[in-house]
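The values are calculated or read from the model by the stated rules, or taken from the named source; none is laboratory data. Predicted model only: the values in this text are computed from it and were never measured. So basically every Cβ, Gly included, is an ideal-geometry build from the backbone, and we count neighbours across all protein chains shown. Remember, those area values only see protein heavy atoms, side chains included, never the ligands or the DNA or RNA. Shrake-Rupley method; radii C 1.70, N 1.55, O 1.52, S 1.80 Å.
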Amino acid sequence: MIHPKVLDLLLLKEISTEIRKSVITTLSIAGSGHLGVSLGLADLFTCLYFSILNHDPDDPLYPERDRLILSIGHAAPILYATLARAGYFPEAELATLRKLGSRLQGHPGREHGLPGIELSAGSLGQGLSVSVGRALAAKMDGESWRVFCVLGDGELQEGSVWEAAMAASHLKLDNLVAIVDRNGVQIDGNTENVMALEPLKEKWKAFGWGVIECDGNNHQDLLTSFQLADHITEKPVMILAYTKMGKGVTSIEGDYHWHGKAPSKREASLFLKQLEEETG
């Protein structure tokens, strides 16, 4: 059966906290991985998998499911932690992250057999093109399911993203919702110093998209944004979700050095304590 959708904001916050704990713990065990982006995306993924997506953890290939395309494949830890929390596989398996032979590799791969993975991701800039193809296929087949694509802001420096953006608008794919994790940092520092992206809202509008801006770490703001997206027709929707890298762990929030770094056991213990203090 399709699991009921959660709309209680307090419960969503609790789920996000538990998912963040899983990310910190499993990355500490693995000794490598991308912590900052995963913590920053916890609220978005909680809203998607517990309130927004039409999906069934008991039947991962349910034909009418919405498709979630994770274009930023290095954010795999948040996808894995959320899928486990939603019931796609046992949460104990999270401890095998990045282990030889594990279904949970550094980037999600369909070939590993983990349920709930829609795209083998790694090379940045590919996910939106795949999403356009799937959204078009749904339109051609008369299907009602939607495609949601999660991109990183640094990823927008890839030219293929803008080719896909142009195609989605031309094809009037109003069954496609893209979300940019606008945390303002990438592996080498601030995005505006590496290669300026602004004005992002105006750029996406110029490409023919409906654009919504929100606080990507606020559950109510996220839910409202997805509700607004449902009322935009004849064009794809871009949600610019402003997040904090490392959200929930005050000592690393906004610090690009934690883009691709895992915490030691001592750091993990400290981060879990900070998370508890942050969430009360």
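Working only within the range 80-95, note down all residues that are open to solvent by 50 Å² or more (accessible area, probe 1.4 Å) and either at pLDDT below 95 or in a helix (DSSP H, G or I) (or both).
R85, E91, A92 - these are the residues of the range 80-95 that are open to solvent by 50 Å² or more (accessible area, probe 1.4 Å) and either at pLDDT below 95 or in a helix (DSSP H, G or I) (or both).
Within the range 40-66, count every residue that is open to solvent by less than 30 Å² (accessible area, probe 1.4 Å) and either in a loop (DSSP other than H, G, I, E, B) or farther than 18 Å from S225 by Cα (or both).
Adding up the residues that qualify gives 7.
Counting just the residues of the range 194-204 that are over 10 Å from D153 (Cα atoms) and under 20 Å from the mean Cα position of the chain (by Cα), which one comes out least open to solvent (accessible area, probe 1.4 Å)?
Going through the qualifying residues, I end up with W204.
Collect the residues in the range 153-177 that are touching a residue at least 40 places away in the same chain (Cβ under 8 Å) and assigned to a helix (DSSP H, G or I), keeping them in residue-number order.
Correct list: G154, E155, L156, Q157, W162, A165, M166, A168, S169.
Return only the number of the condition from (1) closer than 22 Å to L53 by Cβ; (2) buried (at least 17 other Cβ atoms within 10 Å of the Cβ) that E143 does not satisfy.
Of the numbered conditions (1) closer than 22 Å to L53 by Cβ; (2) buried (at least 17 other Cβ atoms within 10 Å of the Cβ), the odd one out for E143 is (2).
For A168, indicate whether it is within 17 Å of the chain's Cα centre (by Cα), open to solvent by less than 20 Å² (accessible area, probe 1.4 Å) and small (G, A, S).
no
Mind listing whichever residues of the range 181-193 are open to solvent by 60 Å² or more (accessible area, probe 1.4 Å) and either of a type outside the set (D, E, K, R) or over 12 Å from Q157 (Cβ atoms) (or both)?
I187, N190, N193
Do you know which residues across the range 125-150 are out of contact with any Ser or Thr (no Cβ under 7 Å at 6 or more places or on another chain), on the phi < 0 side of the Ramachandran plot and assigned to a loop (DSSP other than H, G, I, E, B)?
Within the range 125-150, D141, E143, S144, W145, R146 qualify.
Does G73 satisfy the criteria of being touching a Lys or Arg at 6+ places or on another chain (Cβ under 7 Å), open to solvent by less than 10 Å² (accessible area, probe 1.4 Å), in contact (Cβ under 8 Å) with a residue 12 or more places away in the chain and of a type outside the set (A, V, I, L, M, F, W, C)? Working first, answer last.
Working: touching a Lys or Arg at 6+ places or on another chain (Cβ under 7 Å): no; open to solvent by less than 10 Å² (accessible area, probe 1.4 Å): yes; in contact (Cβ under 8 Å) with a residue 12 or more places away in the chain: yes; of a type outside the set (A, V, I, L, M, F, W, C): yes.
Against the criterion (touching a Lys or Arg at 6+ places or on another chain (Cβ under 7 Å), open to solvent by less than 10 Å² (accessible area, probe 1.4 Å), in contact (Cβ under 8 Å) with a residue 12 or more places away in the chain and of a type outside the set (A, V, I, L, M, F, W, C)), G73 does not qualify.
Which numbered condition trips up I212, out of (1) over 24 Å from R20 (Cβ atoms); (2) in contact with a helix residue (DSSP H, G or I) (Cβ under 7 Å, 6 or more places away or on another chain); (3) in a helix (DSSP H, G or I); (4) not charged (D, E, K, R)?
Condition (3) is where I212 drops out.
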